[in-house]
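Here is the structure we will look at, set down as structure tokens.
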DNA sequence: GCGACAG
DNA sequence: ATCTTGTCGC
């Protein structure tokens, strides 16, 4: 092997994502984005909303390629979980900021498809996603991605701000707590003038906001209204339940593995 | 050029 | 995402 080849090789390791793959991802996002709907397109304008879903994925710390995708559905009136399902999977696609959907969407879509067969009567009219909607570098985050592929109304919920269009965590924190603004919600207007979503202090005692954005087939106002209804704690209940149950499932899975190895 | 960057 | 104890407040 020549000296030149030795120097080139480290840059093509599997641990990094090739620029070719990134380009494919960008094209896929731009293509799907053409089907994105940023207005209310729900049953009964969202008034007779009964079943709201939530999705999340947890990963094993010992082996970060082992994941558990989780789907829960809640009754909006009682906020009781009426359905949950889990999918243990191996995820090789790395997390790349701006391309979360290519890592997480496949597992979540599988859960939705399975529910359509198993419990169609409980299938959610709307899905809350752990990840952004149009609050995204190309206006097409995980929540929008899932919404278009599943043809389901979705809302994007971020627990941290993905810096876009000049928006930063610190600038948002200032607006939320800066003297005169005692509001619990501020509009996320970028330097370009585009409105990406809102930062919301979802409960009275939460300083850290959540970031709400349109996913698919839901207006921002409707998204905000539904998020408020479901926020018993900082994170909307469907997502919080999915998160809790997802970790619990992985924890029990680990105990099962340990038992086999030990005995 | 460097840093920032949902989960 | 994941780790982990204490700690503050009602």
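Coordinate-derived values only; no laboratory data. Fair warning: this is a prediction, and the values are worked out from it, not measured in the lab. With ideal geometry, Cβ positions are generated from the backbone for all residues, glycine too; neighbour counts draw on all protein chains shown.
If I model a spin label as a point 7 Å beyond the Cα along the Cα-Cβ vector, how far apart are those points for residue A:194 and residue A:75 in nm?
Taking the two extended label points, one gets 4.1 nm.
For a label point 7 Å from the Cα of residue A:184 along Cα→C-beta, name the residues of the range A:195-218 whose backbone N is under 13 Å from it.
Under cut-off, by backbone N: A:200-210.
How large is the direction-averaged shadow of the alpha-carbon convex hull of chain A, in nm²? Display every interim value, and only then the final one.
Numbers: hull surface 76.0 nm².
Computing the convex hull of the Cα atoms and averaging its projections yields 19.0 nm².
How large is the helix-only mean residue ellipticity at 222 nm for chain A, computed as the sum of -39500 (n - 2.57) over DSSP H runs with n ≥ 4, divided by its residue count, in deg cm²/dmol to the nearest 500? Present the calculation step by step, with values, prior to reporting the outcome.
On the way: 7 runs with 94 residues, N = 263.
The helix contribution divided over chain A gives -11500 deg cm²/dmol.
When a footprinting reagent is the concern and you count Cβ atoms within 10 Å, what order do A:255, A:200 take, fewest first?
Numbers: A:255 9, A:200 22.
Going from sparsest to densest Cβ surroundings: A:255, A:200.
Working out 0.36 nm times the residue gap between residue A:33 and residue A:89, then minus their Cα-Cα distance, what length gain in nm do you get to one decimal? Display every interim value, and only then the final one.
Working: separation 56, 0.36 × 56 = 20.16 nm, distance 2.68 nm.
The span from residue A:33 to residue A:89 would gain 17.5 nm if fully extended.
What is the gain in length, in nm to one decimal, between residue A:60 and residue A:252 on full extension, counting 0.36 nm per residue of separation less the C-alpha to C-alpha distance?
Details: separation 192, 0.36 × 192 = 69.12 nm, distance 1.16 nm.
Between residue A:60 and residue A:252, full extension yields an extra 68.0 nm.
Contact order normalised by length for chain A, with contacts defined as Cα pairs under 8 Å and 6 or more residues apart; what percent is it? Before the final figure, lay out the partial values.
Numbers: 489 pairs, mean separation 55.3, N = 263.
Computed value for chain A: 21 percent relative contact order.
Within 10 Å of each residue's Cβ, count the other Cβ atoms and sort A:25, A:196 from fewest upward. It would help to have the intermediate numbers written out before the result.
On the way: A:25 18, A:196 25.
Ranked by crowding around the Cβ, least crowded first: A:25, A:196.
At a Förster radius of 25 Å, what calculated FRET efficiency corresponds to the Cβ-Cβ distance of residue A:228 and residue A:82, to the nearest 0.05? Each step should come with its number before you reach the end.
On the way: r = 21 Å, r/R0 = 0.84.
Once the sixth-power term is evaluated, E becomes 0.75.
Determine the equivalent ellipsoid of the range A:130-175 by diagonalising the alpha-carbon gyration tensor, then write out the semi-axes as square roots of 5 times the eigenvalues, largest first, rounded to whole Å.
Details: eigenvalues 108, 21, 8 Å².
Sorted largest first and rounded, they come to 23, 10, 6 Å.
Run the quick spin-label model on residue A:40 and residue A:173: label points 7 Å from Cα toward the beta carbon, then report their separation in nm to one decimal.
3.6
Which of A:205, A:84, A:130 comes first, and how do the rest follow, when ranked by fewest Cβ neighbours within 10 Å? All intermediate terms of the calculation are to be shown ahead of the outcome.
Details: A:205 7, A:84 18, A:130 26.
Listed from fewest to most nearby Cβ atoms, that is A:205, A:84, A:130.
Any chance you could run the full-extension gain for residue A:244 through residue A:116? It's 0.36 nm times the residue separation minus the Cα-Cα distance, nm to one decimal. Intermediate values should be presented prior to the final figure.
Working: separation 128, 0.36 × 128 = 46.08 nm, distance 2.30 nm.
My answer for the length gained is 43.8 nm.
R0 = 25 Å: FRET efficiency of residue A:163 with residue A:16, Cβ-based, nearest 0.05?
On the way: r = 22 Å, r/R0 = 0.86.
After rounding, the FRET efficiency stands at 0.70.
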